[in-house]
1. Only helical DSSP H runs with n ≥ 4 go in: add -39500 (n - 2.57) per run for chain A, normalise by residue count and round the 222 nm mean residue ellipticity to 500 deg cm²/dmol.
2. Tell me which lysines have Cα within less than 17 Å of A:Lys62's Cα, excluding those fewer than 8 residues away on the same chain?
3. Under 5 Å between amide H atoms, partner at least 5 residues away or on a different chain: which partners does B:Leu3 have, H built in plane at 1.01 Å?
4. Can you work out the Karplus-derived ³J(HN,Hα) for every residue in the range B:92-106? Use 6.51 cos²θ - 1.76 cosθ + 1.60 with θ = phi - 60°, whole Hz, and x for glycine or proline.
5. Report the Cα centroid-to-centroid distance between the range B:162-205 and the range A:36-58 in angstrom, as an integer.
6. Considering the dipole of the protein assembly as shown built from charges on the beta carbon (Lys and Arg +1, Asp and Glu -1) around the Cα centre, which of B:Val149, A:Ser186, A:Gly158 is farthest to its positive end?
7. Order these by the 10 Å Cβ neighbour count, fewest first: A:Arg271, B:Arg61.
8. At what distance in angstrom do the alpha carbon centres of the range A:259-302 and the range A:141-205 lie from each other?
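No lab work stands behind these numbers, since they all come straight from the coordinates. Not measured: the values here are computed from a predicted model. For neighbour counting, all protein chains shown are included, and Cβ atoms are generated from backbone atoms with ideal geometry for every residue, glycine included.
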Amino acid sequence: MSDSTDLEELRRGTDLVKRGFAQMQKGGVIMDVVDKEQARIAEDAGAVAVMALEAVPADIRKRGGVARMADPADVEEIVNEVSIPVMGKSRIGHTKEAQILEAVGVDMIDESEVLTPADDAYHIDKRDFTAPFVCGARNLGEALRRIEEGAAMIRTKGEAGTGDVNQAVHHQRTIKGAIRELEGKSHEEREAYAREIEAPAELVHETAEMGRLPVVNFAAGGIATPADAALMMHHECDGIFVGSGIFGAENPTAMGEAIVEAVNNWDDPERLADISKNLGKGMKGDANVDLSEEEQMQGRGV
Amino acid sequence: MTLTAGVVAVQGDVEEHAAAIDRAARERGYEVTVHEIRESGIVPDCDLLAMPGGESTTISRLLHSEGIAPEIRAHVDTGKPLLATCAGLIVASSDANDDRVEELELVDVTVQRNAFGRQKDSFEAPLAIDGLAAPYPAVFIRAPVIDDVGDAEVLAAWDDRPVAVRDGPVVATSFHPELTPDSRVHGLAFFENDAAVVPELEDHQ
């Protein structure tokens, strides 16, 4: 047996370790929960992680006012309840909320437009943290700017709390379309494109060579049914965030289990048909075409 | 000659394993076709298998509901090689100390999930592994610890705790050899394990 290990050479919080955490979430469903009881139901339904927050986006919308980080005591309770990773949401640009979440022990921080932005010009400098971050993006420029700031995972910025998958599809198509376009460009055209989308040239080249984002790319916002989740996998997302769709449904356990199975069977229509049967009422939702620009969350932090 | 490989793909970092298998095979002059296994019926055709990192509770649940679990047991029973990493190790173990995981009992070890801590404690470090000439760049992510080794042979330890083991045709690691471009652990598991049989290679000897 080898035991000539050198503990001095241990390194934490490297890009490899942060991005590696996100890679372990692939093919999985991350579920929004507001307390430990919901966290337990989510874990039992097969969630790969839970997102701890004070209220699901649908309720944040209804309630109005300033939406902030959840009470750390509640987050801690959830951390202690489940064995799967726990994520927490901080406001965009709110370095202190993110530090508090890291101190509580969350495994990933979502710098999220679902909460009220704390800074209208800057995002958190995520490289300073040991904890990895996930950030939303509507297009390739936004995604690469967040990665440059240190995000280890990107998710679409679909309209949270609406139960309408339309915007998540739109963002994913926009990002994938831009990458396909990039693949056909020469070196100098890619440089010009980087300037046009206000993204770092190095990341633009890396994306073009890989034919995908350099970090894991999840779908989020408006996913409410197993079919919605399967649709986002069809659009080449690496996994799914479900917010109000699970606990806004009549039977959260059945809906949670069904969405997990749908992600695994996204390309098998007959299995999807079985999975989608008799789940009870889904979340009611609001078609997001009716939302004014002010009511939309996706324009926050670009 | 083309090998047939499978990566259990119900959840986790599947593409990374597929790429590592491809590199390890090519370095030895073999062609390989890698299948992603999300349903039953594919494992029996595979010469070699990998079980990836991910969430062991999710992977365990789907392996059983999709009917893949007994096929993996049969694969190992016939002596074909399996590499199980992190969550894969937990699922393959004889005891995961957790009701949320239904173990496949393919490696005679007991494990503790997340025993190295939460994500903030995750780390990378060079690791000495039996059978490899130079240290291996190991990445540990919310990694499990092997705390009781039965018939398995310990290949590597970190801070006096076993993190890589071999039990017959199965090699299992707490860390993620699929996350770095170094495919030596995949080579060790699939092509340099005397206790494992790769049918396609046997047929051509």
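1. That calculation yields -12000 deg cm²/dmol at 222 nm.
2. Straight-line reach from A:Lys62, under 17 Å: A:Lys284.
3. Close amide H contacts, sequence-distant or interchain: B:Glu31, B:Val32, B:Thr33.
4. Using θ = phi - 60°, the values come out as 7, 5, 8, 7, 9, 6, 7, 5, 7, 10, 9, 5, 8, 6, 9 Hz.
5. If we compute the Cα centre of each part, the gap is 37 Å.
6. A:Gly158
7. Working: A:Arg271 19, B:Arg61 23.
With the sparsest Cβ surroundings first, the list reads A:Arg271, B:Arg61.
8. Between the Cα centre of the range A:259-302 and that of the range A:141-205, the gap is 22 Å.
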